[in-house]
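Have a look at the structure below before the remarks.
The values are calculated or read from the model by the stated rules, or taken from the named source; none is laboratory data. These numbers come from a predicted model, not from an experiment. Reconstructed Cβ throughout: ideal geometry from the backbone, glycine too, with neighbour counts over all protein chains shown. Side chains included, ligands, DNA and RNA excluded: accessible areas come from the protein's heavy atoms. Shrake-Rupley method; radii C 1.70, N 1.55, O 1.52, S 1.80 Å.
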Amino acid sequence: MRNLISLIILVLFLLAASPSIKANNVVTKVVTKNEVTKEKVNILLIVADDLGFGDIGANGSEISTPNIDALAASGSRFTNFYTQASCSPTRSMLLSGVDNHRNGMGTMSEDLLPHHKNLPGYRGYLNNEVVTVASLLQDVGYHTYMTGKWHLGYADNQSAHARGFQHTFSLVDGGGNHFNDQGMNAHKSKSTYRRDGKVVNRPEGYSSDLFTKELKMLIDERKNDKNPFFAYLSFTAPHFPLQAPKKTIDKYEGRYDLGWEVIREQRFKKMKAMGIIPSDAVLETASEELTKWSSLSKEEQKNESKKMAIYAAMIDNLDTNIGVILQYLKDIGEYENTVIMFLSDNGPDPYDRSERNAYQTLVSKFNYDMSYENMGASNSYSFLGPNWSQTSNVNQQGYKFLPTQGGIHNPVIMRFPGMLEEGNIMTEFSSILDITPTLLEIAGTTHPKTYYKGRKIYPLNGRSMLPYISGIAKKVYSDDETISFELFGHTSVFMGKWKAVKMRPPQGNDKWALYNIKTDLSESHDLSGVYPKILHKLTHAYEKYKIDNGVLTEPEGVTAYPAKPHYVKY
């Protein structure tokens with residue numbers, strides 16, 4: 001009885017305390033574990049792959065993303081949200097709410113080195129010391145579906161199906177050809193796909209089209225019951241190789257002839273006009289290592305413009321498919337009863353791998369046609385490169401793999417009918433660790449803390465954003481709490497408006513820098529000498545984080561992954 005009264009009081013408090021909550025349109029219901037009701041909302045989690053902060057219209061891009069923009073208009077953008085710096089570590093934290101060094105993804109499986117051997121936090125797959133949000137939602141009656149990129153384990157017992165998703169169509173690898181089952185490089189020249197855990201042949205179709213079609217089919221096969229669903233749509237676009245349907249590429253061909261500096265400035269001005277960044281923000285000069293557009297020949301400019309046109313087409317197509325799944329939800333009467341979250345797993349990838357042996361071997365093996373006319377086709381293979389990646393990030397420095405803003409500060413949008421104010425911009429800090437606890441609270445269930453079905457597990461590192469989303473709390477974290485991240489020996493620590501960063505050579509000098517990310521969005525002004533006490537607090541917190549989470553200090557003799565990107569000088 002006491003618990004029931006407490007639940008009733010909480011619901012009444014939610015309704016009374018926040019102007020963001022519309023009392024006559026609340027779709028959530030506080031429920032006890034294992035209680036399944038029609039009022040429980042569906043959850044659709046959409047993840048883009050290597051999409052930059054400035055690559056969607058809602059954040060100032062010229063790329064056509066009307067469906068993502070509509071989500072932002074009917075929901076909220078989170079402009080102070082952080083992920084990990086690379087694909088699989090982000091996804092491991094997304095689905096578990098637990099730090100990547102605890103869940104087994106202290107580094108990507110592709111980058112495990114001899115000194116990582118036998119370290120529990122560096123297994124290269126999502127371990128059994130965590131429980132996924134899919135498993136916990138399935139336990140309280142949710143149908144759980146997953147289509148697209150998995151990248152959290154290759155073995156049968158590491159598949160999406162084995163980790164809580166009842167029905168799946170998943171790409172096991174970190175990426176691959178967008179039109180067929182050819183792999184990313186000569187080391188893995190054929191991609192692996194699984195359906196409900198079993199290895200299967202890949203059906204025909206462009207990647208984003210295929211994953212969306214498969215998800216619709218899975219939801220269509222639901223039993224005729226009142227149980228809600230949790231659907232995880234994990235795109236591989238716009239991850240390399242740059243490939244897209246020709247009709248969509250044609251739409252953008254010539255659009256980027258102005259060059260990366262001009263497009264970057266256009267995006268920056270639009271971001272300021274939209275209120276995404278402060279009106280007095282300054283666009284810092286891009287790295288001196290980047291190439292000036294004017295230094296390229298006409299032929300070189302033509303090729304670079306085509307690359308960006310393909311990248312834009314991949315995002316355009318991804319958005320079209322988001323529109324397809326949203327329209328499908330409307331057609332089956334579930335759209336208004338579905339919480340939708342869209343995000344990118346990390347920043348854009350700047351690495352041009354075309355000179356590496358593994359990729360040259362792949363091009364030769366499949367006889368790829370690398371001509372200008374064929375760029376973007378299924379038998380071509382190209383990369384975005386660092387210059388366009390900086391444009392993708394606009395005012396943010398750095399890229400994927402790094403703990404700079406450009407690597408971990410990524411677009412996030414949430415639509416929560418009756419809870420989030422339409423068109424709102426949420427400016428307080430939150431991270432990829434907070435999504436699992438948020439989804440669990442939305443579903444009316446809890447994390448089991450340290451034991452799950454007889455096995456010992458790690459408790460959550462993140463916390464629910466729902467009090468902040470609902471307006472009950474002003475922040476997810478207080479201004480004196482610290483949150484730390486590490487990947488490839490590169491580190492970052494957050495506390496309120498402060499961010500401390502340390503990067504190993506060749507990207508950094510292995511020394512801590514301190515930034516006020518509220519005013520210095522480009523991380524251009526190191527304040528470590530001005531506020532040494534604040535820096536000390538952050539670095540002290542990081543040392544504790546290392547111990548608590550089993551973070552390895554990478555040996556000095558080992559080159560920090562990734563190697564510095566190849567800057568095309570022509």
Regression test value, accessible area per residue of the chain, probe 1.4 Å, units Å², expected 39
Loop-resident GluC sites (Glu not before Pro) in the stretch 482-557 with no more than 12 other Cβ atoms inside 10 Å, DSSP not H/G/I/E/B, are Glu556
Applied in sequence order to the stretch 374-388, the curve 6.51 cos²θ - 1.76 cosθ + 1.60 (Karplus, θ = phi - 60°) yields integer Hz couplings, x standing for Gly and Pro, of 9, 4, x, 7, 5, 9, 10, 7, 9, 10, 5, x, x, 5, 6
Shape call for the stretch 331-465, from the Cα gyration tensor axes a ≥ b ≥ c (a/c under 1.5 means rounded, otherwise prolate when a/b beats b/c, else oblate), comes out prolate
Counting only DSSP loop positions in the stretch 353-426, the trypsin sites (Lys or Arg not before Pro) whose Cβ has at most 15 other Cβ atoms within 10 Å are Arg356
Taking the alpha-carbon centre of each part, the distance from the stretch 307-321 to the stretch 185-216 in Å is 19
Counting only DSSP loop positions in the stretch 122-225, the trypsin sites (Lys or Arg not before Pro) whose Cβ has at most 12 other Cβ atoms within 10 Å are Lys223
Taking protein heavy atoms only, a 1.4 Å probe, and rounding to whole percent, the accessible area of the stretch 385-437 owed to carbon and sulfur comes out at 42
Applying the gyration tensor rule to the Cα atoms of the chain (axes a ≥ b ≥ c; rounded if a/c under 1.5, else prolate if a/b exceeds b/c, else oblate), the class is rounded
Hits in the stretch 105-122: amide N under 20 Å from the 7 Å Cα→Cβ extension of Thr553, namely 106-107, 113-122
For the stretch 459-570 the mean separation of alpha carbon contacts under 8 Å (6+ apart) over residue count, i.e. relative contact order in percent, is 20
For Lys190, counting only aspartates and glutamates whose alpha-carbon sits under 14 Å away and dropping same-chain residues fewer than eight positions off, the answer is Asp173, Asp181
Quarter of the surface of the C-alpha convex hull for the stretch 451-570, i.e. direction-averaged projected area in nm², equals 12.0
Relative contact order of the stretch 206-325 (C-alpha contacts under 8 Å, at least 6 apart) in percent is 46
Placing each pseudo-label 7 Å from Cα in the direction of the beta carbon, Leu527 and Arg255 end up separated by a distance in nanometres of 3.7
Per-residue accessible area, 1.4 Å probe, largest first, puts Asp220, Asp319 in the order Asp220, Asp319
Ranking Ile46, Ile547 from most to least accessible area with a 1.4 Å probe gives Ile547, Ile46
For the table Lys502/Lys537; Lys456/Lys499; Lys272/Lys330, the rows whose alpha-carbon distance is greater than 25 Å are Lys456/Lys499; Lys272/Lys330
Quick shape check on the stretch 207-263: root eigenvalues a ≥ b ≥ c of the Cα gyration tensor, a/c under 1.5 is rounded, otherwise prolate if a/b tops b/c, else oblate, and it reads prolate
Of the residues Met419, Asn321, Leu258, the Cα lying farthest along the dipole of the chain towards its positive end, which is defined by charges on the beta carbon of Lys, Arg, Asp and Glu, belongs to Met419
Averaged over all viewing directions, the convex hull of the alpha carbons in the stretch 213-302 casts a projected area in nm² of 10.6
Full extension between Asp480 and His540 adds, at 0.36 nm per residue less the Cα distance, a length in nm of 20.3 nm
Contact order relative to length for the chain, counting C-alpha pairs under 8 Å separated by 6 or more residues, stands in percent at 23
Phi angles of the stretch 206-220, converted by Karplus (6.51 cos²θ - 1.76 cosθ + 1.60, θ = phi - 60°) into ³J(HN,Hα) in whole Hz with x for Gly and Pro, give 5, 3, 5, 4, 5, 5, 5, 4, 5, 5, 4, 4, 5, 5, 4
